[in-house]
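The block underneath contains the structure these notes are about, expressed in structure tokens.
The values are calculated or read from the model by the stated rules, or taken from the named source; none is laboratory data. Just so it is clear, the structure is predicted and the values come from calculations on it, not from any experiment. Using ideal geometry, Cβ is built from the backbone for each residue, glycine included, and neighbour counts are taken over all protein chains shown.
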Amino acid sequence: MEEQQGDAGRKGRLLIIGGAENRTCGAGPLEAFAGLAGGEHARIVVVTTATEVPEEVADQYTAVFGRLGVTSVRELRLLGRAAADDSATLRALESATGVLFSGGDQSRIRTLVGSRTNELLKRRLEQEGLVIAGTSAGATAMGHWMILGGHGHDVAASSVKVGPGLGLLDNVLIDMHFNERGRLPRLLSGIALDIRLLGVGIDEDTAIVVGDGHFTVVGTGVVTVVDAGQATVAYAASDDEPMAMFDVSLHLLPAGCSFQMHDRLPAIGTMRGANGEVG
């Protein structure tokens with residue numbers, strides 16, 4: 001099913017992928033993104049800011065979207081604030097129906113935060129039906145805060161590093177390659193620093209499709225939701241010591257499940273179609 005995008009006053013969708021997505025034209029996150037962006041009529045811009053091999057990444061996405069019937073695919077590298085503020089960049093994004101942020105090193109995306117590109121994407125997402133996707137590094141950048149790094153087996157302040165994100169999804173902290181890389185302690189550490197945030201850990205080849213205050217899961221893995229809104233956190237004397245956390249809710253959502261972000265309620269359901277449409 002194709003959707004017409006770009007309607008004035010219509011809110012767009014976010015499609016946030018945990019990385020290592022299927023690129024063989026199966027019923028996966030990229031096919032969902034292409035369908036939401038307009039199918040064969042989509043105009044997709046791939047932002048390769050995060051990657052060290054932009055040409056290779058752009059060629060890969062051009063090929064997979066081409067196999068999905070999308071002929072209009074353009075790369076934007078945006079390797080600094082000047083490029084993100086440039087009028088030519090804004091013109092390219094104004095004509096897009098879908099924008100995809102590639103994986104790589106999310107710290108590179110910090111140069112886009114607060115830029116004219118950032119503000120344009122927010123406006124078009126909220127008012128014009130733009131579909132924005134991020135995978136791996138591009139996924140965590142979607143939130144108001146993004147995880148920049150960190151590792152460790154303990155829930156501790158030193159186990160996570162966060163910084164400002166693009167602010168396309170409020171009150172959510174996103175982590176990626178989640179179960180594959182054992183990142184529950186990292187996500188819990190980030191949430192412990194601000195329990196008002198909802199933690200969302202996304203497995204590889206798995207995505208959440210966000211719209212109208214809720215999200216639905218697509219792909220082959222699981223989305224882990226950490227809700228510490230009613231939790232008690234006892235901070236340690238030093239950043240390297242483990243914290244204590246009580247009354248944390250944990251939800252595991254495979255494909256077809258959904259989650260109401262305002263009320264923080266999960267639900268079991270079935271997707272209506274492989275394009276990732278949110279019911």
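Flag not set for Ser136, criterion: of a type in the set (Ser, Thr, Tyr) and farther than 19 Å from Leu253 by Cα.
Quick one: is Glu31 out of contact with any helix residue (DSSP H, G or I) (no Cβ under 7 Å at 6 or more places or on another chain), in contact (Cβ under 8 Å) with a residue 60 or more places away in the chain and part of a helix (DSSP H, G or I)? Judged against the criteria, Glu31 is a match.
Mind checking which strands (runs of 3 or more DSSP E) fall wholly inside the range 179-279 and carry at least 3 residues that are free of Cβ contacts under 8 Å to residues at least 24 places away in the same chain?
Hits in the range 179-279: none.
Residue-level check: of (1) crowded, with 24+ Cβ neighbours inside 10 Å; (2) in contact (Cβ under 8 Å) with a residue 60 or more places away in the chain, Ala156 misses just (1). Can you confirm whether Gly104 is crowded, with 18+ Cβ neighbours inside 10 Å, of a type outside the set (S, T, N, Q) and either assigned to a helix (DSSP H, G or I) or out of contact with any Gly (no Cβ under 7 Å at 6 or more places or on another chain) (or both)? When the stated conditions are applied, Gly104 passes them. Within the range 170-182, if we keep just the residues that are buried (at least 24 other Cβ atoms within 10 Å of the Cβ) and of a type outside the set (Asp, Glu), the residue that is farthest from Glu21 (Cα to Cα) turns out to be Leu173. Within the range 77-92, the set of residues being in contact (Cβ under 8 Å) with a residue 12 or more places away in the chain and part of a helix (DSSP H, G or I) comprises Arg81, Ala84, Asp85, Thr89, Leu90, Ala92.
Restricting attention to the range 241-279, and to residues there that are modelled with pLDDT of 95 or more and among the polar types (S, T, N, Q), which single residue is surrounded by the most Cβ atoms within 10 Å (Cβ to Cβ)? Step by step, filter the range 241-279, then rank; the result is Ser258. Consider the range 7-24 and keep the residues that are of a type in the set (Val, Ile, Thr) and modelled with pLDDT of 95 or more. The one that is nearest to Asp203 (Cα to Cα) is Ile17. Residues that are in a helix (DSSP H, G or I) and without any contact (Cβ under 8 Å) to a residue 60 or more places away in the chain within the range 107-150 comprise Ser107, Arg108, Arg110, Arg116, Thr117, Asn118, Glu119, Leu120, Leu121, Lys122, Arg123, Thr140, listed in sequence order.
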